[in-house]
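The values are calculated or read from the model by the stated rules, or taken from the named source; none is laboratory data. Small disclaimer: the values here were computed from a predicted structure and weren't measured. Here the Cβ positions follow ideal geometry from the backbone for every residue, glycine too, while neighbour counts run over all protein chains shown. Calculation scope for accessible area: heavy atoms of the full protein, side chains included, ligands and nucleic acids excluded. Shrake-Rupley method; radii C 1.70, N 1.55, O 1.52, S 1.80 Å.
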Amino acid sequence: SPPGAAVAVAVTGSSGVAAAAGLYRYLRDFCGCHLSWSGAQLRLPDPLPRLRAEIRASAPGRYRYYQNVCTQSYSYVWWDWARWEQEIDWMALSGINLAPAFTGQEATWQRVYHTLGLNQSEIDAYFTGPAFLAWNRMGNLRGWAGPLPPAWHLKQLYLQYRIVERMRSLGMTTVLPAFAGHVPQGVLRVFPHVNATRLGGWSHFDCTYSCTYLLHPEDPMFQVIGTLFLKELIKEFGTDHVYSADTFNEMTPLSSDPAYLSRVSSAVFKSMTGADPEAVWLMQGWLFQHQPDFWQPAQVRALLRGVPLGRMIVLDLFAESKPVYQWTESFYGQPFIWCMLHNFGGNHGLFGTVESINHGPFAARRFPNSTMVGTGLVPEGIEQNDMVYELMNELGWRQEPLDLPTWVTRYAERRYGAVNAAAAGAWRLLLRSVYNCTGVCVNHNRSPLVRRPSLHMDTELWYNASDVYEAWRLLLSASTELGSSTTFRYDLVDVTRQAAQQLVGDYYLSIRRAFQSHALPELLTAGGVLVYDLLPELDSLLSSHSLFLLGRWLESARAVATSDREAEQYELNARNQVTLWGPSGNILDYANKQLGGLVLDYYSVRWSLFVSALVESLNSGSPFHQDQFNQAVFQVERGFVYNKKRYPTVPAGDTLEISRKLFLKYYP
């Protein structure tokens, strides 16, 4: 066709999602386009490529699932409708057809609690603040960083109406929350004879903000509360008949007696069918691999078989590293979804298990009497490592594994909208190294950069550090040609950040060696470079890109507020989550991020204090005491949470220049 002439390409599908996935496949495979969290490359060829023949594709499994219960808090918590709409459209184009719609459920719970006779102060003492609701919903936490202001409920309800409407209009099945058995303490005041047991503390929380109550499965109130909640929810939002509930997330059940466990799952399911006779229970299978000593085959079987076969779908949540289907005879007959978890806490850090995800789903389908019904993406936090998610989404439609080096070469071309040998070479290096963790891989960033300093820090890598340095060099060499691409600039920040993270590990080892051998000049040199040059340079690099700004996270929290008081509460929620994670560093740095502002005013200040403490120890001849240092550094950490400093929401500086400057100084 001559330039500008119309070319009609018809894309049809069995649902809106299937048609959207077909459209993205045409844009990706024939037009060389790319879409991701960090940006899009949508330069269309003119004229559009014609297809010589009809292309048909069908997914090997019924479901492509997306979202983790924790993502609601680590990533979506402050989103407005514009951001939600963007995500749902990305989901449709990625072929995702099953996903939770959990927003605003606390408004319904509040109505239910009022109906039961609880007063507002009892409800306020139960709900956590917005950034910690995921763990309130699973019975892990209560009250921390709360209460929830009335305006929060109204705004979240408004969002939920739009989320559910948009997802269903595209043919997605929405998963609604259901009752898992946890209740506020106020229920015991209103119903003094109710049979409820206080659970123990969760993670490193004591009973101040943890130890919620769990109803006995055979107490009549279990059905009353569960069915009442779900009926209210269905009346408000309609239903697609799939419901989520997690009773024992990272919490040991009161008894390992299979009969008890069966009664619990039976009670949860019965409370669903009391409101919707067609209910299907979607359950996260995280508990089975998280506490394998408790969840022996008899216990797993009892919990799963408390529900009629086919009326439960289990998410094999960490299947790329610790698949559960293999040792449970394919979940004892219940359907399951093979999921890639990939990310914990929304941490930054290049990571992937590409060989595992390229072969794992196909092996699971071939497993004897396999009950696999689809694939899923279940990261705790999003907006990181785009490549891994693009790959996993594509694998959800494939009948066999991909040739990964060929695939990643094409990925680089699509992502930047140009063929560039250096960029493609960089991606092949990253693919074989940092993106190819094998064995049991837990992507939780433990780099000394983002952890509280000590003399016993983990610097081990699962890959060859020189591959990342070389990829950094190759990307910089491609910057003349690709520097105007938004996705290229994002990747240059991310790879430079990874190189800097490795360098921090090296400087830490130099600091530790110098201290242990009483070499004060070497300690001052290594400590000085780290605190006064490398970390400030990394901070300025991150501050040059809008997606790596602390201010963006904090201001999005403030933007949800309807008053100054709410804005302060939400900002404290946002700051605490990425640092102390609790009042006293209970889950310290679990949700660490590498953001401009956070590196300079939080991580760097800790390192400065650490180096000073070591220097003081050598100067005075007194031993370094970690406990004393922890007490001192906690004041620094807590000080950051409450410092009220406003951080920029607009990037500053030239990413390419800053990366080049870091390279010239530090490339090994």
When restricted to LEU188, LEU199, the only residue at pLDDT below 95 and touching a strand residue (DSSP E or B) at 6+ places or on another chain (Cβ under 8 Å) is LEU199
Based on what the data block shows, is TRP144 in contact (Cβ under 8 Å) with a residue 60 or more places away in the chain, open to solvent by 10 Å² or more (accessible area, probe 1.4 Å) and not basic (Lys, Arg)?
yes
*asked:* For the structure I just gave you, tell me whether LEU538 is modelled with pLDDT of 95 or more and either aromatic (Phe, Trp, Tyr) or open to solvent by less than 10 Å² (accessible area, probe 1.4 Å) (or both).
replied: yes
Counting only residues that are within 20 Å of ASP124 (Cβ to Cβ), among the hydrophobic types (A, V, I, L, M, F, W, C) and either out of contact with any Phe, Trp or Tyr (no Cβ under 7 Å at 6 or more places or on another chain) or open to solvent by 60 Å² or more (accessible area, probe 1.4 Å) (or both), the range 203-241 contains a total of 3
Considering the range 47-61, residues that are in contact with a Phe, Trp or Tyr (Cβ under 7 Å, 6 or more places away or on another chain) and either among the acidic types (Asp, Glu) or closer than 19 Å to ASN393 by Cα (or both), and then whichever is surrounded by the most Cβ atoms within 10 Å (Cβ to Cβ), we arrive at ALA59
Condition set among the hydrophobic types (A, V, I, L, M, F, W, C) and over 13 Å from PHE288 (Cβ atoms), scope the range 246-262, selection surrounded by the fewest Cβ atoms within 10 Å (Cβ to Cβ): answer is ALA259
Counting only residues in the range 159-173 that are open to solvent by 30 Å² or more (accessible area, probe 1.4 Å) and in contact (Cβ under 8 Å) with a residue 40 or more places away in the chain, the one nearest to ILE123 (Cα to Cα) is identified as TYR161
Note on the range 387-415: residues more than 14 Å from GLU355 (Cα to Cα), buried (at least 23 other Cβ atoms within 10 Å of the Cβ) and in contact (Cβ under 8 Å) with a residue 40 or more places away in the chain are GLY396, ARG415
Among GLN120, GLN72, GLN156, GLN110, the single one that is among the polar types (S, T, N, Q), open to solvent by 10 Å² or more (accessible area, probe 1.4 Å) and without any contact (Cβ under 8 Å) to a residue 12 or more places away in the chain is GLN120
From the option list ALA426, ALA421, single residue qualifying as open to solvent by 30 Å² or more (accessible area, probe 1.4 Å) and aliphatic (A, V, I, L, M) is ALA421
PHE269 meets each of (1) touching a helix residue (DSSP H, G or I) at 6+ places or on another chain (Cβ under 7 Å); (2) in a helix (DSSP H, G or I) with one exception, condition (1)
Report whether or not PHE624 is over 24 Å from ALA567 (Cβ atoms) and either assigned to a loop (DSSP other than H, G, I, E, B) or touching a Ser or Thr at 6+ places or on another chain (Cβ under 8 Å) (or both).
-> yes
The condition of being open to solvent by less than 60 Å² (accessible area, probe 1.4 Å), under 31 Å from the mean Cα position of the chain (by Cα) and either modelled with pLDDT of 95 or more or farther than 21 Å from SER543 by Cα (or both) holds, among GLN635, GLN594, only for GLN594
Screening TYR24, TYR65 for residues that are open to solvent by less than 30 Å² (accessible area, probe 1.4 Å) and outside any helix (DSSP H, G or I) leaves only TYR65
Can you confirm whether ILE96 is assigned to a loop (DSSP other than H, G, I, E, B) and open to solvent by 30 Å² or more (accessible area, probe 1.4 Å)?
no
Residue within the range 270-281 that is more than 28 Å from the chain's Cα centre (by Cα) and crowded, with 23+ Cβ neighbours inside 10 Å present: yes
Among residues of the range 456-498 being open to solvent by 30 Å² or more (accessible area, probe 1.4 Å) and under 30 Å from GLY585 (Cα atoms), the residue farthest from the chain's Cα centre (by Cα) is HIS456
When the range 29-46 is checked residue by residue, the ones that are of a type outside the set (Gly, Ala, Ser) and open to solvent by less than 20 Å² (accessible area, probe 1.4 Å) are CYS31, CYS33, HIS34, GLN41
